[in-house]
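Asker: What follows is a structure written as structure tokens; I'll ask about it next.
The values are calculated or read from the model by the stated rules, or taken from the named source; none is laboratory data. As the structure is a computational prediction, the values presented were derived from the model and not from experiment. Reconstructed Cβ throughout: ideal geometry from the backbone, glycine too, with neighbour counts over all protein chains shown. Protein only, heavy atoms only, side chains kept; ligands, DNA and RNA dropped before computing areas. Shrake-Rupley method; radii C 1.70, N 1.55, O 1.52, S 1.80 Å.
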Amino acid sequence: MTIGPPLWLLAEVTYRCPLHCAFCYNPVDFAAQSAEIGTDDWLRVLQQGRELGAVQCGFSGGEPLQRDDLELLVAEARRLGYYTNLLTSGVGLTPQRAAALKAAGLDHVQLSFQDSTREVNDFLSHTKTFELKNRVARMIKDQGWPMVMNVVIHRLNIDHIDQIIGMAVELGAEYIELANTQYYSWAFVNRDHLLPTREQLRRAEAVTDAWRARLGQRVRIFFVAPDYHEGTPKRCVNGWGSMFITVTPDGTALPCHTARMLPGLAFPNVREHSLRDIWFDSEGFNRYRGTGWMKEPCASCEHKERDLGGCRCQAYLIAHDPAAADPVCSKSPHHASVLEAVQRAEASTAPRITVQPLVFRERAESLRLAALASDVG
């Protein structure tokens, strides 16, 4: 197959974060990961990514504002010609720092909220940040940045969709991303608490459609549908190793931001390898490219070019085989596990108290989960 260039470089500059969200996509063992790479390493990554063909650079984490050199990295990305995005919780963005990032050339800010109310927002992030996020939204507008408001949607906030969209409109968001939870990393640990019912999803989509009709082109609303309820898988980052490259805080390069969990794969580090060599020649980026790696039922499926087998991390978490058909697919031999999870969600219309409590992203909990994973291995 012909390998094109990556278009999007996601610079996960740190796993440090003041929030402790129960659905965080950072690895559950993030606290056991190696130390962060330095400024010079990141400058080299930005240069090599641009030479490779990447045109968009997202600065993410954790919370990227925890890095003191963020303004320098943004300025270099702008100099190189990237369109730059900051994906942030807002914690650490002062008026002075916002002005510095604007001067550095930052193009775009995505601000996360957890809910439309202080009580639920602060509960889900395990921090008191709701009022701060409101202040940050005003800072973003004061700097003239286009603002995407991102809210991860799940059982504990999905019934607040109407208020969430209303809040985003009031704060001046040009784009609203209602991203239904994808169940890997911390969200997989907390899946029984977070998975909504079909009726909750139906109502949420109806409310979203009503707001779209009301707002027209003034505000764009993206409702990212959950795949557990659909029976059809989605392309993993639009295709493994096709347009997306992530560099993690310690310099490991990944074809998707959760791929590090997959066993039996070697993912190179930018300290030892160029992005070009990583993108074109590494085992990790080539293993699941295209369709040649597929086995049944994917290999003979008429939809294999459309969905490219779905999510490799989801296959590993549920089927314990990264090369298996994504279990959300109705043709997967492991689809019953997904149906069972959905049926548990349907068993009650209220959040349930389960044997397993809600687990918040914390360093101590990350180390405990890493130790458990090591024991199992």
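Asker: For S242, S112, give the ranking by accessible area with the largest first, probe 1.4 Å.
Answerer: The ranking, largest first, comes out as S242, S112.
Asker: Still on this structure, please answer the following. Stick to the Cα atoms of the range 278-357, pair each with every other, and give me the Kirkwood hydrodynamic radius in Å at one decimal.
Answerer: Details: mean 1/r = 0.0698 Å⁻¹.
Taking the inverse mean of 1/r over all distinct Cα pairs, the range 278-357 comes out at 14.3 Å.
Asker: Within the chain, how many Lys pairs that are eight or more residues apart, or on different chains, come under 30 Å at the alpha-carbon?
Answerer: Taking the Cα cut-off of 30 Å, the pair count is 11.
Asker: Please check: in the Gaussian network model of the chain (C-alpha springs, under 10 Å), which one of S282, S332, S300 has the largest mean-square fluctuation.
Answerer: So, out of S282, S332, S300, the one fluctuating most is S300.
Asker: If you don't mind, there's one more thing I want to ask. Does the range 21-119 come out rounded, prolate or oblate by the C-alpha gyration tensor, with a ≥ b ≥ c the root eigenvalues, rounded set by a/c under 1.5 and, if not, prolate when a/b is larger than b/c and oblate if not? Let's see the in-between values first.
Answerer: On the way: a/c = 1.84, a/b = 1.28, b/c = 1.43.
Oblate shape, in that a/c is at least 1.5 and b/c is the bigger or equal ratio.
Asker: Then there's this: Work out, in µm²/s and without decimals, the Stokes-Einstein translational diffusion coefficient of the range 253-314 at 37 °C, 0.692 mPa s, Rh from Kirkwood over C-alpha pairs. Walk me through the intermediate numbers first.
Answerer: Values: Rh = 12.8 Å.
So the translational diffusion coefficient is about 257 µm²/s.
Asker: Most fluctuating residue of A204, A266, A364 in a GNM of the chain with Cα springs under 10 Å: which is it?
Answerer: The residue that fluctuates most here is A364.
Asker: If you count only protein heavy atoms with a 1.4 Å probe, what accessible area per residue comes out for the chain, rounded to a whole Å²?
Answerer: Values: 15810 Å² over 377 residues.
Per residue, the chain has an accessible area of 42 Å².
Asker: Would you mind telling me the share, in percent, of accessible area of the range 50-121 contributed by carbon and sulfur at probe 1.4 angstrom?
Answerer: Exposed carbon and sulfur together represent 51 percent of the surface.
Asker: Is it possible to state the helix-based mean residue ellipticity at 222 nm for the chain, with each DSSP H run of 4+ residues giving -39500 (n - 2.57), the sum divided by total residues, to the nearest 500 deg cm²/dmol? What is it?
Answerer: The per-residue figure over the chain is -11000 deg cm²/dmol.
Asker: Once the Cβ-Cβ distance between L72 and L7 is put in as r, and R0 is 22 Å, what FRET efficiency do you end up with, to the nearest 0.05?
Answerer: Once rounded, the FRET efficiency stands at 0.40.
Asker: When the chain is fully extended, how far beyond the present Cα-Cα distance does E131 get from F222, taking 0.36 nm per residue of separation?
Answerer: Result: 30.3 nm gained on full extension.
Asker: When only alpha-carbon atoms are used, what values of Rg and Dmax, in angstrom, describe the chain?
Answerer: Calculated on Cα positions, Rg and Dmax stand at 20.2, 57 Å.
Asker: What length, rounded to one decimal in nm, is gained on full extension from L367 through to D40, with 0.36 nm per residue of separation minus their alpha-carbon distance?
Answerer: Contour length minus Cα-Cα distance gives 114.8 nm.
Asker: Ok, one more. In debye, nearest 20: dipole of the chain around its Cα centre with unit charges on the Cβ of K, R (+) and D, E (-)?
Answerer: Value, rounded to 20: 560 debye.
Asker: Can you tell which of A137, A104, A210 shows the greatest fluctuation in a Gaussian network model of the chain with Cα springs below 10 Å?
Answerer: A210
Asker: So, in nm, how far is label R271 from label A100 when the simple model puts each one 7 Å beyond its Cα toward the Cβ?
Answerer: 2.6
Asker: Could you give the nm distance between label points at E51 and M243, where each point is 7 Å from its Cα heading toward the beta carbon?
Answerer: 2.5
Asker: Provide, in order from the shortest bin, the percent of all Cα-Cα pairs of the range 92-218 in each 10 Å bin, continuing until the bin that contains the maximum pair distance.
Answerer: Reading the bins upward from 0: 12, 40, 33, 14, 1.
Asker: Is the range 178-243 rounded, prolate or oblate when judged by the Cα gyration tensor, a ≥ b ≥ c being the square roots of its eigenvalues, rounded requiring a/c under 1.5 and prolate requiring a/b larger than b/c?
Answerer: oblate
Asker: Using the basic label-point model (7 angstrom from Cα toward the beta carbon), what is the S330 to Q356 distance in nanometres?
Answerer: Reported label-point gap for S330 and Q356 is 2.7 nm.
Asker: Something else now. I'd like to know which of T248, C298, G105 lies farthest towards the positive end of the charge dipole of the chain, counting +1 on Cβ of Lys and Arg and -1 on Cβ of Asp and Glu.
Answerer: In the chain, that residue is G105.
Asker: May I pose another question? Which FRET efficiency value, to the nearest 0.05, is calculated for D159 and T232 with the Förster distance at 35 angstrom and r the Cβ-Cβ distance?
Answerer: The calculated FRET efficiency here is 0.90.
Asker: Of all the accessible heavy-atom surface of the range 238-377, with the other protein chains kept in place and a 1.4 Å probe, what percent is carbon and sulfur?
Answerer: Answer for the range 238-377 is 55 percent, counting heavy atoms of protein chains only.
Asker: Could you calculate the FRET efficiency of R214 with Y175 from 1/(1 + (r/R0)^6), where r is the beta carbon distance between them and R0 is 22 Å, rounded to 0.05?
Answerer: Step by step, r from the Cβ atoms, then E = 0.85.
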